[in-house]
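A.B. asks: Let me give you the structure first, and then I'll get to my questions.
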Amino acid sequence: MIKNIALAGNPNSGKTTLFNALTGSKQYVGNWPGVTVEKKIGTARVGNKTVNIVDLPGIYSLATYSMEELVAREYLESDEPDLILNIVDATNIERNLFFTLQLIESGKPVVIALNMIDAVESSGGSIDTALMSELLGVPVYPVSASKNKGIDALLEAITNDKNPDISTVNFYSKNVLSAIESIETVLSIDKSPRLHAINYIEDGEKKLEGHEISKQTAGMLEDMVQKLTKSVGMDRDMIISDEKYKFITGVVDKCVTKNNMYHKTTMTEKIDRVVTNRILAIPIFLGVVLIMFSVAFGSFGSFIKGHFEFLINDVIIEGIANFLTSIHVSDWAYSLVVDGILGGVGSVLSFLPEIAILFLLLSILEDSGYMARAAFITDRMLRKFGLSGRSFIPMIIGFGCTVPALMATRTLENEKDRRLTMIITPFMSCGARLPVYALFTAAFFVQNQSLVIFSIYILGIVIAILSGLILKRFVTGDTVSGFLMELPEYRFPTLKNLWRHTWERIKGFIVKAGTILVAASIVIWFLQSFNLNLKMVSDSSESIFGNIGKLIAPVFIPLGFGEWKVAVSLLTGFVAKEAVVGTLSILYGAGEAAASGAVDITAALSQVFTPLSAYSFMTFTLLYMPCVAAFATMRREMNSWKWTLIAVCYQTAVAWIVSFLVYQIGGLMVKGIITADMIIAALAVLIVVLSLIAYFKPSKRKKNKCASCGACCNSCDRK
Amino acid sequence: MTLSDVKPGEKCKILCIDKTNIIRKRLIDMGLTTGTEIYVRKYAPFGDPIEITVRGYELSLRKFEASLIQVCLS
Ligand SMILES: Nc1nc2c(ncn2[C@@H]2O[C@H](COP(=O)(O)OP(=O)(O)OP(=O)(O)O)[C@@H](O)[C@H]2O)c(=O)[nH]1
Ligand SMILES: [Mg+2]
């Protein structure tokens, strides 16, 4: 009986798309390699049977490098999966089948789902699946996971069938096969003899794990391998893989009608000719970022937001307030609901439109295939700062939410690179921080609202990258790590995917507002309404919050916002960054204001802040330690309290220093009257200078090129 | 010559891959075996990394990694 079905295959082959289609889940799909970094379990029903489906991170081979790949391999090699459903990307069949052959060889029952068959067909090609199945010795089902084609048939087949026959097909040429067989005989290991023989050829004794062999046998085996390498003319660790690829080339020649895939590649090629062009790439990249933010925060975003705010404030909050008055609830209950919950949550929710637009644009970016290109373009630059092009993907995801961004660092192969990326990722401004900027820019920078928000985002990116420069000598040292990355084909983002991604993120935002923020609002309301003796106070500065706030407020005086209410709001930001807005709204009475139709919170804020201190406050909110969810994720992913604490201390220190500089330098520059343009100009100069320094600083890294050809391998002298 | 010396638009064949670097196994598994044809598609804006086409897919790798791969022009 089949209970557990593992989805395995190359990165970006559509495993998660298929997983979602089979189980009805909503796991994250994106068009770059390394989207899934964790094992996910779901169930599918066929008739009256239920099977567990396990989605895994993608891997190129059973030899693994990075953390998420190890997750996949360990599961595949455990006893749990009864069947491996191997997803093969039909548009990239040659490399995909390499892993397939390894799976077949590992001896587990394998079924192939030949995915993306729609893409092959739409380009006029075809694949003979029956022949392919015969040649590989395993069942092959054509499917299109994203178009939901062939999935029922697949599910039916894999659950009803008795275990498919374990392969007896041979992939190897005659002399390699005979060498494998004689090594099998000499080793005489009962369990999966073929696998052990192959491992022996590739890696020698160290892969035999627990199977002792005598000196004499070892000598005999070495002789056999020697003979084999001589006759094939290749190193021992390449022979087996090369043979597999040769076999695959044969299969592809027989089964795939090729001419047509051509068409598809040319589309990607054409786009790439522009997008990753040596001269155009960087301007295009900056343009993409600029367009993203100007759509979200420009006139389009504020147009939608205006209507939405009206709905929240004038319809919902006022309605509830009137209702409560009409049923004569007691004062404290009215205060709790209107000042606390509605004031806190409502003000956060009113920023939903901008966040939704940003999320939509992020989804387009992620689905199109541009993410991998962005990593490709920025790699060289980021390397100067101790980061890698791969760090770039988590950074982009960080614009949505820091938690998945931290998870996405798993694809970085080098542990130190990964740690550094995790320390700087929270500087990328997540969606939850947006309400803070939106609130303050609406109050102080009405003219340049989108420009100022844009500058905050840029500031985050700049600080993140500069942090790399500062931290790299402590965290990464001068290690050289690789940047092997597949650049997937561009795909037109499907409406279904876009809708799903955007909606999932919006839903997350709303759910958070409805749960954590409601709870936080209640607690905040309580803490600002009662004093330590649990007596309700009329002046909130005597409340519990007032006392805490007054204690820590002095720290923020040099930054321009020493009022206790502001200090407290930053504390609550640790629960969730939106809570900063919620707290300010409660403390400055936004709920009451909205309900009575009076001037809103912005008026109250302008009593406390100047434009300069508002900017300084936004800077601090951007940079200081991330929320508790991100903190916990960082702790888990770094697997070290020490580094987690270093990270958050560093972030908070940076926040303080940068805000200090912003406020003090800003104050000096033009006493009291400062324009956003000047800040941006100064930042721009800073960026240019620093990147020039970084760019022209000679790299001290030694290149350990393979010095002479003889030292590299024996086939070189053929040159 | 190594792959890092090949100009964009040129094709070459793999002769061998440096044995001392752990990346070797990875490259082999991704289809870069002796005799495989590589098309160097382009260099990134700052000249590194490079993009190649191998076995029908696009792969990017740094110059450093490319310098581990001995090739001859074809
Ligand atoms: N045209 C087409 N595109 C597909 C199909 N299935 C998946 N895709 C797209 O392929 C891309 C990768 O899909 P994922 O499901 O994230 O791939 P994955 O194998 O889970 O990737 P990793 O988690 O990175 O290993 C996405 O852009 C999908 O929309 C299909 O049947 N046809
Ligand atoms: Mg996935």
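A.B. asks: Would you kindly state how much longer the chain becomes between residue A:25 and residue A:177 on full extension, computed as 0.36 nm times their sequence separation minus their alpha carbon distance, in nm to one decimal?
C.D. replies: Extending this stretch completely gives an extra 50.3 nm.
A.B. asks: Carbon and sulfur: what percent of the protein assembly as shown's accessible surface (1.4 Å probe)?
C.D. replies: It is 62 percent, rounded to a whole number.
A.B. asks: How well do other chains shield peptide A:97-105, expressed as the mean number of their Cβ atoms within 10 Å of each residue Cβ?
C.D. replies: Per residue, the number of nearby Cβ atoms from other chains is 1 on average.
A.B. asks: Taking N as the number of residues in region A:504-629, what is its Cα Rg relative to 2.2 N^0.38 Å?
C.D. replies: 1.06
A.B. asks: Extension gain residue A:664-residue A:692, at 0.36 nm per residue separation less the Cα-Cα distance, in nm?
C.D. replies: Here the segment from residue A:664 to residue A:692 would lengthen by 7.5 nm.
A.B. asks: Next up: Taking 1 over the mean of 1/r across every pair of different Cα atoms in region A:343-486, what Kirkwood radius in Å do you get?
C.D. replies: Hydrodynamic radius (Kirkwood, Cα only) of region A:343-486 equals 16.1 Å.
A.B. asks: Quickly work out the residue A:534-to-residue A:684 label distance, labels modelled 7 Å from Cα along the C-beta direction, and quote it in nm with one decimal.
C.D. replies: Those two pseudo-labels are separated by 5.9 nm.
A.B. asks: With labels modelled as points extended 7 Å from the Cα through the Cβ direction, what inter-label distance (nm, one decimal) is found for residue A:152 paired with residue A:448?
C.D. replies: Result: 6.0 nm between the two label points.
A.B. asks: Around residue A:114, under 12 Å between beta carbons, what's the net of Lys plus Arg minus Asp minus Glu among the other residues?
C.D. replies: Value of the local net charge: -3.
A.B. asks: A further question follows. Report, to one decimal in Å, the Kirkwood hydrodynamic radius for region B:3-73 based on all distinct Cα pairs.
C.D. replies: 11.8 Å
A.B. asks: Largest first and in whole Å, what are the equivalent-ellipsoid semi-axes of the protein assembly as shown based on the Cα gyration tensor, each being the root of 5 times an eigenvalue?
C.D. replies: Over the Cα atoms of the protein assembly as shown, the semi-axes work out to 54, 30, 24 Å.
A.B. asks: How far is it, in nm, from the label point at residue A:280 to the one at residue B:11 when both lie 7 Å from their Cα along the line to the Cβ?
C.D. replies: 2.6 nm
A.B. asks: Give the Rg/Rh ratio for region A:103-233, taking Rg as the radius of gyration of the Cα atoms and Rh as the Kirkwood radius, to two decimals.
C.D. replies: Radius of gyration over Kirkwood radius for region A:103-233 works out to 1.12.
A.B. asks: Within region A:493-537, find all residues whose amide N lies under 20 Å from a label point positioned 7 Å from the Cα of residue A:547 along Cα-to-beta-carbon.
C.D. replies: A:523-537
A.B. asks: In chain A, what % of DSSP beta bridges are antiparallel (nearest 5)?
C.D. replies: Counting only bridges with both partners in chain A, antiparallel ones make up about 40 percent.
A.B. asks: Here is a further query. So how do A:304, A:53, A:341, B:22 rank on accessible area, 1.4 Å probe, biggest first, that is with the largest at the start?
C.D. replies: B:22, A:304, A:341, A:53
A.B. asks: For region A:32-126, what does the accessible surface come to per residue with a 1.4 Å probe? Please give it in Å².
C.D. replies: Value for region A:32-126: 31 Å² per residue.
A.B. asks: Next question. Please quote Rg/Rh for region A:4-158 to two decimal places, taking the Kirkwood radius as Rh and restricting both calculations to Cα atoms.
C.D. replies: Expressed as Rg/Rh, it is 0.92.
A.B. asks: Ok, one more. What is the Cα coordinate range of region A:177-257 on the first, second and third principal axes, sorted by size from largest, in whole angstrom?
C.D. replies: Here the spans come out as 51, 28, 19 Å, largest first.
A.B. asks: Estimate for me the total accessible surface buried between chains B and A (protein heavy atoms, probe 1.4 Å, no ligands or nucleic acids), in Å² to the nearest 100.
C.D. replies: Summed over both sides, the interface buries about 4700 Å².
A.B. asks: Moving to a separate point now. For B:34-45, what's the mean count of beta carbons from other chains sitting within 10 Å of each residue's beta carbon?
C.D. replies: 5
A.B. asks: Mind checking the angle between helix A:676-696 and chain A's longest principal axis? C-alpha axes, 0 to 90 degrees, to the nearest 10.
C.D. replies: Result, in degrees: 30.
A.B. asks: List, by residue number, every residue in region B:7-32 with a reduction of 30 Å² or greater in accessible area between the chain on its own and the complete protein assembly, 1.4 Å probe.
C.D. replies: By number: B:15, B:16, B:18, B:19, B:24, B:25, B:26, B:28, B:29, B:30.
A.B. asks: How large is the accessible surface per residue of region B:3-73, computed with a 1.4 Å probe and reported in Å² as a whole number?
C.D. replies: 27 Å²
A.B. asks: Longest segment of chain A with no GluC sites (Glu not before Pro) in a DSSP loop having at most 16 other Cβ atoms within 10 Å?
C.D. replies: Result, exposed sites excluded: A:213-719.
A.B. asks: Fully extended, how many nm does the chain gain between residue A:267 and residue A:323 (0.36 nm per residue separation, minus their Cα-Cα distance)?
C.D. replies: 14.2 nm is the gain from fully extending residue A:267 to residue A:323.
A.B. asks: Only Lys, Arg, Asp and Glu count, each charged at its Cβ (+1, +1, -1, -1), so figure out the dipole size of region A:177-257 about its Cα centre, rounded to 20 debye.
C.D. replies: Here region A:177-257 has a charge dipole of around 180 debye.
A.B. asks: Okay, next question. Check each residue of region A:57-85 and keep those whose accessible area, probe 1.4 Å, is at least 50 Å² smaller with all protein chains in place than in the chain alone; give them in order of residue number.
C.D. replies: Residues shielded by partner chains are A:60, A:65.
A.B. asks: Looking at region A:380-409, which residues lose a minimum of 40 Å² of accessible area between their chain alone and all protein chains in place, measuring with a 1.4 Å probe and not counting ligands or nucleic acids?
C.D. replies: A:380, A:383
The values are calculated or read from the model by the stated rules, or taken from the named source; none is laboratory data. This one's a predicted model, so the numbers in the text were calculated from it and none came from an experiment. Note that each Cβ is placed from the backbone with ideal geometry, even for glycine, and that neighbours are counted across all protein chains shown. The accessibility values were calculated without ligands, DNA or RNA, using every heavy atom of the protein model including side chains. Shrake-Rupley method; radii C 1.70, N 1.55, O 1.52, S 1.80 Å.
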